[in-house]
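The next block holds one structure in the form of structure tokens; read it before the comments.
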Amino acid sequence: MFDPKNTLAFQGSPGAYSDMACRSAYPEMTTLANRSFEDTFDAVRTGNAALAMIPIENSVAGRVADIHHFLPGSGLHIVAEHFLRIRFHLMGVPGPVTSAQSAGVHQMLREDAALVVTRSEELLETLAPAGERTTARVRGADGPRDRLTHRQRQVLEAVPLRRPADDFSIAGTAGLAPLEVRGTLLVLAEQGYVQREGVGWRLADADPRAPGQPYLDSTG
């Protein structure tokens, strides 16, 4: 329920620095956003707010000239002061490493002075107070290889790309027993990952992750 006696007016939009100053100095009060400084003063004069949080001076840019113009004739008085440290959140888009325009962003990333975000939810999580907007860990869709067992991946990584190898050679590379490797190779062959060539095995010509595409694997 709106209570003017517990309302603090400020100029700007919710989340602006003046709003942050209000919440920092008077966390128990409700803030009221206003489009202009005149509207902010009027909110107090008309009883819609008990107090107003007005910026007087910026340590970098100097005094806020509008306030020094409006305040003397507003009928209001300064009753307290609050100092708010301003922290800027600069957003940059990293581009190619050869781009001079991206050099600053890349340098900040290397120095851990910047944080990479890929979704708006991650940005809100970064800026919000700790624990308020936690996001779920993002994971891509499972591919065919993700559904292989650890043992199957172990054998698959030991299969050469072009020159066929027999069961014993693959078993030695994988560090497994030949009989176990032989059974696993048969399963992998059914799934399209490997193919028999003579008395040996090699990776299949087509990649089961992308039917019709050559198998571009770095192993073998």
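The values are calculated or read from the model by the stated rules, or taken from the named source; none is laboratory data. All values reported here derive from a predicted model rather than from experimental measurement. Cβ: placed from backbone, ideal geometry, glycine included. Neighbour counts: every protein chain shown.
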Scanning for something within 30 Å of residue 41 (Cα to Cα) and surrounded by 14 or more Cβ atoms within 10 Å (Cβ to Cβ), does segment 86-95 turn up at least one residue? no
Residue pairs qualifying under the 7 Å Cβ cut-off, at least six apart or on distinct chains, with the first in segment 63-78 being under 17 Å from residue 46 (Cβ atoms) and the second being of a type in the set (Val, Ile, Thr) and surrounded by 11 or more Cβ atoms within 10 Å (Cβ to Cβ), are 76/44
Note: among 24, 74, 99, just one is under 39 Å from the mean Cα position of the chain (by Cα), among the polar types (S, T, N, Q) and surrounded by 12 or more Cβ atoms within 10 Å (Cβ to Cβ), namely 24
**Request:** Answer yes or no: is there a residue in segment 11-28 that is on the phi > 0 side of the Ramachandran plot and at pLDDT below 90.
**Result:** yes
